[in-house]
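Peer 1: Sharing a structure with you now.
The values are calculated or read from the model by the stated rules, or taken from the named source; none is laboratory data. The structure displayed is predicted, hence computed values, not measured ones. In this analysis, Cβ positions are derived from the backbone assuming ideal geometry, glycine residues included, and neighbour counts consider all displayed protein chains.
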Amino acid sequence: MSTETSTPETAPKTRLSSLFGNFELVIAILLGLVSIVTAYASFQAALYDSTMAGAYQKGTALSTQAESVYLEANQTYIQDVQLNDRITELKIEIESDDPVTSATAQAVYDEITFQSVSENLQGAIDRAAALGEADPDFYYSPFDDEEYNDALFSSYYELDEKAKAAVTEGDQANSLSDKLTLYTVLMSISLFLLGIAALVRQRRIAVILTAVGFVISVVGAVLTFQIPMLSV
């Protein structure tokens, strides 16, 4: 009675034959996995597109608001310059030797100061006057005052920075969306190669197509999962 024993030469052949016997199953599994990753990449690309659109819309709105604030602040600045020129003229008239002219100028000065000069402008005038008294050889303009300009234009600068940040966020989302779209294309190529491999009768060609498709899909998947995931 003879018994058959597996030799070291036949064992690898048996495993190899088993692998090739289930080759179609391997391709089917790869097709399923690559399809899932492709769908994930496409979904994430859509989310990044939505994030990009929202960021650009926010940036545009903030930029418009900042421009409005700037125009308002600049209008106030121009009015303050004109007002300061008028006040300077009245101060000169107050020093007139003519008592009537001096009294009239003083009355107008008091009325304008009370009605039209803001606390911000008055503070700048007072600080400029103090600097002028300490250094009479140099003219200090109240409109060079840092505190005055900060109070007038700080809201514009804040809104402008937020607008720029929103646009930058949109640019980043757009870049990531483009990358995900590229990775989707790569994995679509992989799906095409795997699909052809499932139909090819010649085993060697099928293996080559499967190997190439598998490598492309792995590269695409690795690159895809390096991008931060967004949730709905």
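Rundown of residues vs (1) without any contact (Cβ under 8 Å) to a residue 60 or more places away in the chain; (2) within 32 Å of the chain's Cα centre (by Cα), yes/no style:
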residue	(1), (2)
Ser50	yes, yes
Gln57	yes, yes
Tyr70	no, yes
Asp85	yes, no
Thr88	yes, no
Lys91	yes, no
Asp97	yes, no
Ser102	yes, no
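Peer 1: Residues to consider are Met187, Met229; find the one that is part of a helix (DSSP H, G or I) and in contact with a helix residue (DSSP H, G or I) (Cβ under 8 Å, 6 or more places away or on another chain).
Peer 2: Met187
Peer 1: Out of Val218, Val212, Val222, which single residue is out of contact with any helix residue (DSSP H, G or I) (no Cβ under 7 Å at 6 or more places or on another chain), hydrophobic (A, V, I, L, M, F, W, C) and surrounded by 14 or more Cβ atoms within 10 Å (Cβ to Cβ)?
Peer 2: Going through Val218, Val212, Val222 in turn, the sole match is Val218.
Yes/no per residue for (1) among the small types (Gly, Ala, Ser); (2) surrounded by fewer than 16 Cβ atoms within 10 Å (Cβ to Cβ); (3) at pLDDT 90 or above:
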{"position": "Met1", "(1), (2), (3)": "no, yes, no"}
{"position": "Ser6", "(1), (2), (3)": "yes, yes, no"}
{"position": "Val26", "(1), (2), (3)": "no, no, no"}
{"position": "Gln57", "(1), (2), (3)": "no, yes, yes"}
{"position": "Ala66", "(1), (2), (3)": "yes, no, yes"}
{"position": "Glu72", "(1), (2), (3)": "no, yes, yes"}
{"position": "Gln82", "(1), (2), (3)": "no, yes, yes"}
{"position": "Ser96", "(1), (2), (3)": "yes, yes, no"}
{"position": "Tyr109", "(1), (2), (3)": "no, no, no"}
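Peer 1: Now, a different point. Sort through Glu169, Glu158, Glu133 and tell me the only one that's out of contact with any Leu (no Cβ under 8 Å at 6 or more places or on another chain), surrounded by fewer than 16 Cβ atoms within 10 Å (Cβ to Cβ) and modelled with pLDDT of 90 or more.
Peer 2: Glu158
Peer 1: State all residues of the range 130-178 that are touching a residue at least 12 places away in the same chain (Cβ under 8 Å), more than 30 Å from Ser50 (Cα to Cα) and small (Gly, Ala, Ser); if no residue qualifies, say none.
Peer 2: Matches in the range 130-178: Ser141, Ala151.
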